[in-house]
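The values are calculated or read from the model by the stated rules, or taken from the named source; none is laboratory data. Values in this document were obtained by computation on a predicted structure and should not be read as measured data. Reconstructed Cβ throughout: ideal geometry from the backbone, glycine too, with neighbour counts over all protein chains shown. Surface areas here come from the heavy atoms of the whole protein model, side chains and all, with no ligands, DNA or RNA. Shrake-Rupley method; radii C 1.70, N 1.55, O 1.52, S 1.80 Å.
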Amino acid sequence: MEFRTYPNTDLKVSVIGQGTWAIGGKWAHGWGEVDDQESIKTIRHAIDSGINFIDTANVYGLGHAEKIIGEAIEGKRDKVILATKFAAIILENGEIEWDASYEHMKQECEKSLRNMKTDYIDILAIHWPLAETPLEETMAGFQKLIEQGKIRYAGVCNFTKGQMEEALKFGSLLSHQLRYNMLERDNEAEVIPYCIEKGIGIQVYGPLAHGLLAGEFKRGDVLKDEDWRSRYTLFEKPVFDKVMGILEKLQPIADGHKCKLADLALNWVIAKPGVTTALVGMMHPWQVDENLKALEFKLSDAEMAEIDKIIEEADLGIKILPPDEYMDKTT
């Protein structure tokens, strides 16, 4: 396993981290059936295999994912770095509201600590940038929880460069969790360079484009309506067909390394500047083993350039969703 250190800290995390959205069960948004015992086995197998970073959120299964993590890491807390996110409020009718105030942060932090059976969280992050709550209040809240020993570091997710600039006026940030993969590269323009400049570690989510870059789909596939991806740009025609064409051209590169497309896509992300860890959803132990194969080779500069050329020539013409629209699509 390869480990990387968050800038200006001694916090070392595995370059592949475990994402836990899907193991939340309810609110898994079409990821399929979830077996809690299988999820626990998967997390434990990941830890035993060297994956020490687990990312979750209070909204994943209304806290269920955190509870599963708590069961899985019992007796192994010293072997893992725990990161969770807050800001979601689940209403009785199932709708989600958002609140990044200190009072809500404090309440959700306490719930997360109970759910995961731990007395501290390594990284607590705000899930989405919320204009309703001044960043000054949120950042001050992080500092209070750090002083109380409830959390070690503060992070953000889905922030723009401008929003990070504003946040840094009121405190420090360890990490930024952002959407990044071969197909969705808007964060390369400003956000990633800014993180590198300011020494903010990058946690990548969606490195496999929600399964699309894993080679799980073929031309003509149609997703069920309950699957949130059916409403997502990459899965809509004609973009979906163009992506299938990209995968066909990427296959020879994968074949050259005797790996799967998923390994190629994950290796590509890990190789990009500024990336500290890439989060991958794993629901079965065998998926842990498959994802670790992405660490068994290194893409050459020529191959990285060829991948860029293939994607550029495909001219996807997609609209990269801003955080608020992406949030509406996925929640």
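In loop segments of the stretch 196-258 as defined by DSSP, the trypsin sites (Lys or Arg not before Pro) with at most 16 further C-beta atoms inside 10 Å of their C-beta are Lys218, Arg219, Lys224, Lys258. Rounded to the nearest 500, the 222 nm mean residue ellipticity of the chain from helices alone is -11500 deg cm²/dmol, with -39,500 (n - 2.57) taken per DSSP H run of at least 4 residues. One way to sum up the overall shape of the stretch 217-324 is the equivalent ellipsoid from its Cα gyration tensor, whose semi-axes run 23, 19, 15 Å, largest first.
Considering just Cα atoms, how many Å³ per residue does the convex hull of the chain enclose? Present the calculation step by step, with values, prior to reporting the outcome.
Numbers: hull volume 42.3 nm³, N = 331.
For the chain, the hull spanned by Cα atoms encloses 128 Å³ per residue.
Would you mind calculating the gained length between Val222 and Glu136 on full extension (0.36 nm times residue separation, minus the Cα-Cα distance), in nm to one decimal? Write down the numbers at each step before the final one.
Values: separation 86, 0.36 × 86 = 30.96 nm, distance 4.45 nm.
That works out to 26.5 nm of additional length.
If I take R0 = 35 Å and measure r between the Cβ atoms of Lys169 and Arg231 in this structure, what FRET efficiency does the formula 1/(1 + (r/R0)^6) give, to the nearest 0.05?
On the way: r = 36 Å, r/R0 = 1.03.
Rounded to the nearest 0.05, the efficiency is 0.45.
Which of the GluC sites (Glu not before Pro) found in the stretch 37-143 are loop residues per DSSP with 14 or fewer other Cβ atoms within 10 Å of their Cβ? The qualifying sites are Glu74, Glu92, Glu95, Glu132. Of the candidates Pro129, Pro252, Pro193, which one comes out as most mobile in a Gaussian network treatment of the chain with C-alpha springs shorter than 10 Å? Sorting by GNM fluctuation, first place goes to Pro252. Here the stretch 84-131 is treated as a sphere whose radius is the Kirkwood value from Cα pairs; by Stokes-Einstein at 4 °C and 1.567 mPa s it diffuses with a coefficient of 114 µm²/s.
For the stretch 154-238, compute Rg over Rh where Rg is the Cα radius of gyration and Rh is the Kirkwood radius from the inverse mean 1/r over Cα pairs. Please report the intermediate quantities before stating the final value.
Numbers: Rg = 15.8 Å, Rh = 14.6 Å.
Dividing the radius of gyration by the Kirkwood radius yields 1.09.
Shown for the stretch 166-206: the carbon plus sulfur share of the solvent-accessible area, taken with all protein chains present and a 1.4 angstrom probe, equals 47%. Rolling a 1.4 Å probe across the protein heavy atoms gives the stretch 207-278 an accessible surface of 44 Å² per residue. Quick one: go through the stretch 256-281 and flag any residue whose amide nitrogen is under 16 Å from the point 7 Å out along the Cα-to-Cβ line of Ile196. Only 268-277 fall inside the zone, counting backbone N under 16 Å. Against the chain, whose longest principal axis comes from its Cα atoms, helix 239-256 is set at around 80 degrees. DSSP assigns beta bridges within the stretch 112-260; of those with both partners inside it, close to 0 percent run antiparallel.
Subtract the Cα-Cα distance of Ala302 and Asp241 from 0.36 nm times their separation in residues, and report this length gain in nm to one decimal.
Length difference between fully extended and current span is 19.4 nm.
With both bridge residues required to lie in the chain, what share of the DSSP beta bridges run antiparallel, to the nearest 5%? Show your work: numbers first, answer last.
On the way: 6 of 35 bridges.
The antiparallel fraction comes to roughly 15 percent.
Mind checking the full-extension length gain between Asp289 and Ile90? Use 0.36 nm per residue of separation minus the Cα-Cα distance, one decimal, nm.
Fully extending the segment from Asp289 to Ile90 adds 68.2 nm.
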